[in-house]
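Working notes, beginning with the structure itself.
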Amino acid sequence: MRIVIKSVFAALAIGGAGAAQAFSVFVCEPEWGALVKALHPAAQIFSATTYLQDPHHIEARPSLIARLRGADLAVCTGASLEVGWLPMLQERSGNAKVQDGQPGMFYTAQFVKLIGQYEGVITPFSGDVHSEGNPHFHTDPRRLLQVAAALRDRLIQLNPGQASSITAQHAQFSKALSDRISGWEAKAARLKGKPVLTQHATFGYLWEWLGIKSVGDLEPKPGMPPTLGHLERLRAQMSQSAAQAIIIAQHHDRRPAEWLTRQPEGRALPLIVLSATVSEMSPTGIFDWLDGLVMTLQQQIRH
C-alpha cells in the first residue's frame, strides 16, 4: 500500500512539474492568441478580451492581474490601444518578465506600418485617437504575416528548445496565409471602390486592403457613441455619398445603425455586422475569421 501511495504522489508530482513548465502566454486581444496557437500549439493562452468587447475599454480586474502575474510572455497590440488598462495590469502583477522593454513583453504594432496617425493635440475630449496610428491592423492579413515572423523569433528566443517546432509551425502558417490572400482578393475584387458607412476605424485596414471606401462614420469622434444630431447629418449626406451598406463591428451598439436603415435614405442599405476579431483562439482561427469577413462582404454588398 505504501508503494502504491508513493507511486500516486510521484505521478502527481511529475504532472505538477509538467504543468508548471507549460509556457504561459497572456494576450490582450484574441487575434494574438490565435496567432500564438498557430506558431506554438503547446502554449497555454489566456486572452484579456473577447470578440464581443472593445479592447480600448477594459477594466483592470484582479483576475486579469493574476493571469498576467503568471505569464511568461504577453502579446498585445500597443500603439496606445490598451493604454487605459494594460499599464495598471503590468504594475500590479509584479511580473518582471512582462514589463516594457523585456523579452516577455511583445507589442505587435512595432513590426508593421500603421495608417491614420493622429497629428493633433490629444486631449480627454479627442476620443479614441492614436498618434502612432490606427491600431486595428490585424484585419489586414499582409500585416499579420509581418507580425508572425517577428513573433516566431520572440517565441524561439524564449523557448530555444522548441526552435525547430516553432520554425516549422511558422512556415506552415505563413504559406497557408499567403496562399489564401490571393484567393480572398479574387473573391473581393468586385468590392473595390464600393462606398460604405462604417463605425470607428475598426476595419480601416480591411478597407485599405480590399479597396472598399468608407464615406462616413457613425461616430462623431472616434470612440464616442453616435449622437442623434450626428446621425441626422449623416442621413442628410447619404444620398450624396451613394453608400451601398452600413457596416459595424459585433461589439458596437446596433441601434444607431438600425435607426439609419429605417430612414428613407437608408432603407435599401444592408446592415452588415462583422466580428472584429477571432471567436476562437485555435490554429485556424485567423483563417476562419478572415474567410467569414470576405464572404460576408462579398455576399451582402450586392450592387
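Looking at this structure, is Glu280 modelled with pLDDT under 95 and either in a loop (DSSP other than H, G, I, E, B) or under 29 Å from Ala186 (Cα atoms) (or both)?
On the way: modelled with pLDDT under 95: yes; either in a loop (DSSP other than H, G, I, E, B) or under 29 Å from Ala186 (Cα atoms) (or both): yes.
Yes.
Residue-wise test of (1) without any contact (Cβ under 8 Å) to a residue 12 or more places away in the chain; (2) in the same structural domain as Pro220 (by TED's automatic domain parsing); (3) over 23 Å from Ser282 (Cα atoms); (4) surrounded by fewer than 20 Cβ atoms within 10 Å (Cβ to Cβ).
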site	(1), (2), (3), (4)
Ser47	no, no, no, no
Leu52	no, no, no, yes
Val75	no, no, no, no
Arg92	no, no, yes, yes
Ala96	yes, no, yes, yes
Met105	no, no, no, no
Gln110	no, no, yes, yes
Gly120	yes, no, yes, yes
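Scanning segment 167-205 for residues that are of a type in the set (S, T, N, Q) and in a helix (DSSP H, G or I) turns up Thr167, Gln169, Gln172, Ser174, Ser178, Ser182.
If you check Ala236, Ala257 for being over 21 Å from the mean Cα position of the chain (by Cα), closer than 23 Å to Thr50 by Cα and either modelled with pLDDT of 90 or more or among the small types (Gly, Ala, Ser) (or both), only one passes: Ala257. Taken over segment 167-200, the residue count meeting the criterion of being polar (S, T, N, Q), under 21 Å from the mean Cα position of the chain (by Cα), closer than 16 Å to Leu293 by Cα and surrounded by fewer than 19 Cβ atoms within 10 Å (Cβ to Cβ) is 0.
Let's see how each residue does on (1) surrounded by 15 or more Cβ atoms within 10 Å (Cβ to Cβ); (2) touching a residue at least 24 places away in the same chain (Cβ under 8 Å); (3) not hydrophobic (A, V, I, L, M, F, W, C):
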| residue | (1), (2), (3) |
| --- | --- |
| Asp217 | yes, no, yes |
| Leu228 | no, no, no |
| Ser239 | no, yes, yes |
| Glu258 | no, no, yes |
| Ser275 | yes, yes, yes |
| Pro283 | yes, yes, yes |
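The values are calculated or read from the model by the stated rules, or taken from the named source; none is laboratory data. It should be emphasised that the depicted structure is a prediction, and the values quoted were computed from it without experimental measurement. Note: ideal-geometry Cβ built from the backbone for every residue, glycine included; neighbour counts use all protein chains shown.
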